[in-house]
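The values are calculated or read from the model by the stated rules, or taken from the named source; none is laboratory data. Owing to the predicted nature of the structure, the values given are computational and were not obtained by experimental measurement. When we count neighbours, we look across all protein chains shown, and the Cβ atoms used for this are built from the backbone with ideal geometry, even at glycine.
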């Protein structure tokens, strides 16, 4: 029980710290009366390159940040809990691929917010279960769809002021990441079938029992705004 609690605490720690960073940035903007959206991702411009690293940390307002907070905590914790050994690689793959692709092909507007990462996490969890052909992870995929299935509409250009490119490209990044790491992460689990003549054991691909004690390891859809500072509107 203690190991399970420690693992859960560890899994929640880093998503919690990341969310605290996002809130810290927003509170700094308010306290200093500054607008950091100018450091957002503006596609195909030299000054917009910094947005690849910075834009997920910036949010238009409190409602934008609040909409992204809970999904980041839930999905980040799930990934760290079930995919502990590759969780940080998953995060950086989704983070960087989404940013680079939006910079390359996004619309001429400042793209800010962390929902591209959220979409990447959702698709990673969904397709990872399918690629691994493991019943537990497939069940986890269905759970993710139940929670965030409505986010699929965010990949379409249906709403002004929403970076659907970040959602679409973040989803693609999650899919590619799930395929790349399909044979890494949770180890195969060996099951002893009992006392037969050869004491035969069978390895089940990708079997990692998340419920077994181990060493310490709607508005659910989030919105990523194309926030363009006043008098600099360039979004078509």
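Would you check which residues across region 10-51 are under 23 Å from residue 97 (Cβ atoms), surrounded by fewer than 16 Cβ atoms within 10 Å (Cβ to Cβ) and within 17 Å of the chain's Cα centre (by Cα) and list them?
17, 21
Right, residue 105: surrounded by 13 or more Cβ atoms within 10 Å (Cβ to Cβ) and either at pLDDT 95 or above or touching a strand residue (DSSP E or B) at 6+ places or on another chain (Cβ under 9 Å) (or both) or not?
Answer is no for this residue.
Of all residues in region 153-174, which are out of contact with any strand residue (DSSP E or B) (no Cβ under 8 Å at 6 or more places or on another chain) and within 23 Å of residue 76 (Cβ to Cβ)?
153, 155, 164, 167, 168, 169, 170, 171, 172, 173, 174
From 66, 77, grab the single residue that is surrounded by fewer than 21 Cβ atoms within 10 Å (Cβ to Cβ), farther than 25 Å from residue 165 by Cβ and at pLDDT 95 or above.
Answer to the check: 77.
Return yes or no: is residue 100 surrounded by fewer than 22 Cβ atoms within 10 Å (Cβ to Cβ), within 22 Å of residue 29 (Cβ to Cβ) and under 16 Å from the mean Cα position of the chain (by Cα)?
So residue 100 does not fit the description; no.
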